[in-house]
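Since the structure comes first, as C-alpha cells, the remarks are kept for the end.
None of the figures in this text is laboratory data; all of them are computed from the coordinates on show. Note that the structure is predicted; figures quoted are calculated from it, not measured. Note: ideal-geometry Cβ built from the backbone for every residue, glycine included; neighbour counts use all protein chains shown.
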Amino acid sequence: MSLESIVQRIRDAFDMLNRREFGGRISRPAPVPRDRTRLPPTGSADLPVLEKAGFADEALPWMDAVHRFARRLTQGDPDQAADLVQDTFLRAYRSWHLFERGTNCRSWLFTICKNTHLKILDEARSRHEVAESSLDSDLDAMGALAVHERATALDLDSGLFDRMLADHVVAAIDALPDDYRDVLVLSDLGDLNYREIAQVLAIPAGTVKSRLFRARRRLQDSLIDYAAGAGPTRDASA
Amino acid sequence: MKRDSIPCDVVMQRLWAFIDGELDAVSEEQVRQHLELCRQCYPRFDFQRAYFRLMQQIAAEATPGELRRRVFQALLTEAV
C-alpha cells in the first residue's frame, strides 16, 4: 500500500468519526503553520542599490517585521519606533560583514534592534525587570487551560478573539511588562521559534518558554477582561 | 479515548508548544490524536487557535512608506 493511500485512509477514518461524533464541526488539529522560509511579501520592488553585497536583498525585506518589533519595544510611539528602525538598519549595514550568510537574517536584525533599544533605555532610565522566581514552563503552560476556563465561566467563546479590535490588542500588548512583551512579540508577531528568541534576547530557552506562556496568559486575560467589560488590564500571573 | 493515549492535563501542558510547532514528533502526534478525539480539549485548542489568528492579523501591519524612504536614504548616504 502506498503512503498516499494510507494517508487517505486515515483522513477517511477521521472524516467519518468527525461526521458521526461531532457533526463534521472539527477541523484537523495542527500547529499554526509558520512559514519561516518565505520572504516577506512587501518591499522588494523598490529596494535601493547599495554597495554592500546582499544587504538590500537579504536585510531590507525584513523592514516590516523589524518595524513591528520596534513599535512594540517603544510601546507604540511612532517617532521612537521610526528612529529605532533607522538605527537598526544603519548598524546592520555597518556590521554587514559580521552577518553569517545562510543564517537567519531576521533574527540577526531583531537582535540588533533589541540591543539598540536596550542601549537607548539604559541611557534614559532603569529597566523594569519582571521577577522570575520559580520559572516553570510546564506550570506556566497550564495558563492555556486557565484562560479558557475563565472565558467559559464568563460565557465568552473563541469568537471573542475574532471580534477583537486590533487597536485594543496592540494597547494590551504594549501594557505587558518589558520582558514578557519582548518574547510575545518575537514569537506571536515576529514568528521566531523558541531557540531563535533565546538567541535574540540572550536568555535560556526555558526562560523563553516560561515568559512566553506567562505573557500569553496575561494578554489573553486582559483581552477577556476587556470583552467582559471588567476594565482593560488585570494582573493574571499573581 | 484509547488506553495508551495521554491524559487531558498533559495535553493542556503541551498545548501552546504544540501550536508553536515546538514539540518532538512523538509528543506532537500524541497531542494531535488526543485533540481529534477529546470533546473537552478540542474547544480549548480552538480557543487558542483563534488567539493566533488574531495575532497574525496584527502582524500584517506594514511599514509606512515615509519611513521606508527615510531608511533607504540613510543607507544610501552611508554607502557613499
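The residues of segment B:58-69 that are loosely packed, with under 15 Cβ neighbours inside 10 Å and assigned to a helix (DSSP H, G or I), listed by number, are B:GLY65, B:GLU66, B:ARG69. Scan segment B:20-42 for residues that are part of a helix (DSSP H, G or I) and within 7 Å of chain A (Cβ to nearest Cβ) and the total you get is 4. For segment A:175-231, enumerate the residues that are of a type in the set (Ser, Thr, Tyr) and in contact (Cβ under 8 Å) with a residue 24 or more places away in the chain. Hits for segment A:175-231 are A:TYR180, A:SER187, A:THR207, A:SER210, A:SER222, A:TYR226.
Residue pairs whose Cβ atoms lie under 7 Å apart, sitting 6 or more positions apart in sequence or on different chains, and linking a residue in segment B:57-80 that is facing chain A (nearest Cβ under 7 Å) to a partner that is of a type in the set (Asp, Glu), are B:ALA62/A:ASP64; B:THR63/A:ASP64; B:ALA79/A:GLU51. Scoring B:VAL11 on the criteria (1) buried (at least 20 other Cβ atoms within 10 Å of the Cβ); (2) within 8 Å of another protein chain (Cβ to nearest Cβ); (3) aliphatic (A, V, I, L, M) leaves a single failure, condition (2). The set of residues in segment B:42-80 being more than 21 Å from A:GLN80 (Cβ to Cβ), within 31 Å of the chain's Cα centre (by Cα) and among the aliphatic types (A, V, I, L, M) consists of B:ALA50, B:LEU54, B:MET55, B:ALA60.
Only residues that are within 21 Å of B:ALA60 (Cβ to Cβ), more than 8 Å from chain B (Cβ to nearest Cβ) and aliphatic (A, V, I, L, M) were counted in segment A:67-96, giving 4. What do you reckon, is B:ARG32 over 20 Å from A:ARG214 (Cβ atoms) and touching a Lys or Arg at 6+ places or on another chain (Cβ under 9 Å)? Yes; evaluated as a whole, the condition is true for this residue. I'm trying to understand the selection: among the residues of segment A:145-174, which are more than 19 Å from B:GLN57 (Cα to Cα), touching a residue at least 40 places away in the same chain (Cβ under 8 Å) and surrounded by fewer than 20 Cβ atoms within 10 Å (Cβ to Cβ)? Across segment A:145-174, the qualifying residues are A:ALA146, A:ARG150, A:LEU154, A:LEU156.
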